[in-house]
Amino acid sequence: MSTITFLLLTFYQIIIFVGLPIILGGIVRKVRARAQGRKGPKIMQVYYEIRKYFTKAPIDNPNSGIFAELSPVVALYSAIIIWSIVIFEWAPFILIPFFLALYRFCFVSFAMESGTSFGGLGSGREILLSVMAEPTIILMILVAQSHIEISMTPVGSFIGILFLALSFVAILAELAKPPFDDPRTHLELTMVHEAMILEASGKTMGFFEFASQIKLSGLLAFLIKLALEHSKLFPSGEYGNLSKELLVLPGTVGLAILLGLWEANSVRRKWSWVPEFMGLCFLAILILGTLVKLA
């Protein structure tokens, strides 16, 4: 790769790294609202809300301690590390689950620090989702770290699309999106992510919200990179690698649009349904990964 191409590609990656988390959540909200026949908020509304949070001082629970102060900052740090690994690939993808665990520990510790019933309820559900989703995500990463390429035959294409669809389901569980959770209800008894940060305000809420947007961008971009890296649509060499990197941005935006449409037309399922479904999802991805390798 020539020096000019390398510099342009690095500049393109920096633009994605800085700009995509700001607008991706707004795209999901906008598409969801349009699909439901509403005008919806501005695409930059998430950025405006986070900026407003950072201008206000947090009001801490009188029973909270050091976790209430450290958790928001460490959660944001974990999300940035995940996002940088996905975009710049400076470390193996297998590190992503560790930082996802640290990210989740920050949210759970903040929720449990205040000792509220809603925080404990949301934390329990978050841990359940993590136990169900993370083995599947680790399996996805093992596939991503391999050199398997999906053949362009009808059978190979079908297996590859089904594998990516099940991987998308695992990411929905990790992000606590429908059918695993429905943030649109705004009912504390049904929320997962929101129930854990009901006590957050000001800068604390800004850190948590920004971390959530970065995590959303990182997982969607990771799925796009997984699809591009293991397809035979691109020639080998410099041109093929450059084409894959350039398609990360439109692919992630397209996946965010799909997520918005999914949220608009999906509902939350019973919690008793989650373990069985995620177990079947894990087994299906394991079998499909083997079939992809054999194909």
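Loop-resident trypsin sites (Lys or Arg not before Pro) (DSSP state other than H, G, I, E or B) in segment 197-295 with no more than 15 further Cβ atoms inside 10 Å of their Cβ: Lys232, Arg269, Lys270.
Under 19 Å of direct C-alpha separation, and excluding same-chain neighbours fewer than eight residues apart, Lys270 reaches these lysines: Lys177. Could you tell me how many degrees, from 0 to 90 and to the nearest 10, lie between the Cα long axis of helix 117-145 and the main elongation axis, the longest principal axis, of the Cα atoms of the chain? Its long axis makes an angle of about 10 degrees.
When both segment 233-249 and segment 71-118 are represented by their alpha-carbon centers, they are found 30 Å apart. Computed from Cα positions, the angle between helix 273-294 and the longest principal axis of the chain comes to roughly 20 degrees. In terms of overall dimensions, the C-alpha atoms belonging to segment 12-167 reach 62, 37, 32 Å along their principal axes, ordered largest to smallest. Straightening the chain between Met112 and Leu258 buys 49.2 nm, computed as 0.36 nm per residue apart minus the Cα-Cα spacing.
For the residues Ser266, Ser130, Ser212, a GNM of the chain with alpha-carbon springs under 10 Å puts the largest fluctuation on Ser266. Using a probe of 1.4 angstrom and keeping all protein chains present, the accessible surface of the chain works out to 48 square angstrom per residue. Quick check for you: which residues of segment 111-130 have the amide N under 12 Å from the point 7 Å beyond the Cα of Lys270 toward its beta carbon? Within reach of a label on Lys270, which here means backbone N under 12 Å from a point 7 Å along Cα→Cβ, segment 111-130 contributes nothing.
Residues Trp83, Trp273, Trp262 ordered from highest to lowest accessible area at a 1.4 Å probe: Trp262, Trp273, Trp83. Solvent-accessible area of segment 202-268 (1.4 angstrom probe, protein heavy atoms only): carbon and sulfur portion equals 66 percent. Once the Cα atoms are used to define both axes, helix 154-174 deviates from the longest principal axis of the chain by about 10 degrees. GNM remark for the chain: springs join alpha carbons under 10 Å apart, and the peak mean-square fluctuation among Tyr103, Tyr239, Tyr47 falls on Tyr239. Every Cα-Cα pair of the chain was included, and the share exceeding 32 Å stands at 26 percent. Assuming charge only on the beta carbon of Lys and Arg (+1) and of Asp and Glu (-1), the dipole of the chain about its Cα centre is about 900 debye to the nearest 20.
The values are calculated or read from the model by the stated rules, or taken from the named source; none is laboratory data. Treat the numbers as computed from the prediction; the structure is a model and nothing was measured. Reconstructed Cβ throughout: ideal geometry from the backbone, glycine too, with neighbour counts over all protein chains shown. The accessibility values were calculated without ligands, DNA or RNA, using every heavy atom of the protein model including side chains. Shrake-Rupley method; radii C 1.70, N 1.55, O 1.52, S 1.80 Å.
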